[in-house]
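First the structure, in the form of C-alpha cells, and then the observations on it.
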Amino acid sequence: MSLITKDHSLADFDEGNLTELFSTSAAESASQVEWCSSVEPRDRVHRRSSMIIWSVVGGDLIAMAIATFIALRLRDSIVWFGAGGMTGAFAVLTMLVWFLCLRQCGAYSVRNFGIDVIDYRNVLRGTLVTIGMTGAFAYLLDVPVSRGYFLLTYVIGAPALLVSRWVSRHVIFALHRHRHIRHSVVVAGDAAHVADIIRVFKRERWLGYDVVGVLTPNMMPCVQYPGIPAVGAPENALDVARTTDVGTIVFAEGSFPRSHMFNRLAAKLEAERVELIVVPALSDIAAQRMTMRPVAGMPLMYIDKPSTHSYNQITKRLFDIVCSSLLILISLPVIGITALAIKREDGGRILFKQQRIGIGGKPFECYKIRSMVPNAAEIKKRLIAQNQNESDGDVLFKMKRDPRITKVGRFIRRFSIDELPQLFNVFRGEMSLVGPRPALKSEVDKYEQHVRRRLDVRPGITGLWQVSGRSDLSWEDAVRLDLYYVDNWSLVQDFSILLKTFKAVFSSSGAY
C-alpha cells in the first residue's frame, strides 16, 4: 500500500479530505502505520548526528591539545633551532585557527565521515592551511615564537589528528553496523535501478542507510526485496518528506522523464528537513576522474581517462620495488618457520608454482607456499561437481571446506602466509603489491570481453577484493571491484588498500 496515492498530492486536499485519504480502509491504514513505524524519528537522528560531530570535534581538540602540550615541553630540546620566546598565547591562537581551518575545509561535515579518504584529506588540508596562516602571522608581526615549538606542534599534531579521525570513523562504522545509528532512506527510480541501490546499502551496512520504502513509477515494488514497500511514485517525494520522518531521499535513474521535473521538485524540497542524494548513470568511476562544468545551463560531466598507462605507473613500480625488498627481508623468518612445519607434517616440497596470467595476458610462474596435499590436482577433478554448489558459476573454483588443504595449510591460508613468496614476483615485476587477483589461464579463457580489462595492470598480492571480503565475495562483486581499481587507480588508494589488508588478514574473514 502506498502512503500517498500516485494521482494526488497534499496540495489537492484540505484537512478533511486528507483525513479521508488516510482512512480509506483499515488494511491500508495498518500498512501505512507499519511503514511509518519503521522510520527512525528525524529529531532523534539529528540529535545523534550532532553527538557524532561533537565527539569528532572533541577528539580533534584533545589531539591538538596533546600536540601543543608536548611541543611546549620539548621546544627547547631541538638545539639547532635555538631558544624561542613567548609561546603560551600563540599556542592558544594556533589551536583556535587550527580548529577554524579544519571546519572550513570540511573536516566536520557529516557526509564526509568515512567516505574513502576524503575526511583524512580534509584534515591534512586544514592542517596545511593552518601552518601557512600561523607561519605568515608570526613572520609578519615578528612574534618571537620558538621554531622548535612550531615544528613539533604540526609534526605531532597532524598524525594525532589522523589517528583521532581513524578511531572516530571506526566507532561510527560500528554504530551503523549494529543499527544504533541509522538513517531512514526512501529510494526513488525505476525498479531495476532502485534494486541496485538497495543491494549496495544492504551490503555496505557501515554507511548506516536503512531503506524503508521505494518510490517507483506506477508504484512497482522491487521483486528482489519484497519486504520493502512501494510507498508512492517519484513525484510523491514532497508528500513523503512532509508527512514522515524520512531523513534522506535517493533519486536513481528513471525517477523523472525530464530533468526540469526534478529541478522543480528539488526546489520544493529545499524547505524540508530532508537530504537529497542523486545517483547518476555513471557508476564505478572515482571522483578524481570527474570534472563538473556548467555549459549553456547544463551541468556537463567530463570524465578523464584512466591512469593505467600513464607515467604514474612508474611511481607505482618504484614503490613496489622498494616495499617488496623490505617485506622480503622481514618475511624470511616467517617463511623459514613455515617451511619447517610443512616438512614436519608431510615431508613434501615447500613452494608451489602455478602458471598465472599477468599484465597484457602474459603468463608467469606465481609462487606460493604449498598449503595442499601433494596430489591436489587429481583430487580437484572429483570435487568440481561439488564446487558448482558453492561457487558463482564456472569461473572460480573455491570451497569453504576444501579437503585438499593440510593442517599447516589451513593456518597459513587463514593469515595469508602462503602468499608471502609472491613478494619475489613483485620484485621481478610480474606482480604488484596491489592489483586485481592473479587469474589462472582456465579462468581467463572464460572471461567476458569487458572482464579482460583486469589484465591491463599487474595482478596484485592484495587488492580491493581482499579488503572487501576475500573468498566470501561473489564472482560478480570480485570483477566489479577489480575493474573499479583498474579504471580508478591512484597511489593514495594503494596506501589505503595496504593498510586495510592488515585488518583483513588478522581478522581472517573470508580466508579459506
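The values are calculated or read from the model by the stated rules, or taken from the named source; none is laboratory data. Remember, it's a predicted structure, so these values are computed and weren't measured experimentally. All Cβ positions, glycine included, derive from the backbone under ideal geometry; neighbour counts span all protein chains shown.
A few comments on the model shown:
- Number of positions in segment 197-215 that are modelled with pLDDT under 85 and farther than 27 Å from ILE52 by Cβ: 0
- Against the test of being under 22 Å from the mean Cα position of the chain (by Cα) and more than 30 Å from LEU128 (Cβ to Cβ), the options ASP196, ASP190 yield a single qualifying residue, ASP196.
- Residue that is farthest from the chain's Cα centre (by Cα), among those in segment 222-260 that are of a type in the set (D, E, K, R) and outside any helix (DSSP H, G or I): ARG258
- Flag for TYR149 being under 24 Å from ILE70 (Cα atoms) and surrounded by fewer than 20 Cβ atoms within 10 Å (Cβ to Cβ): no
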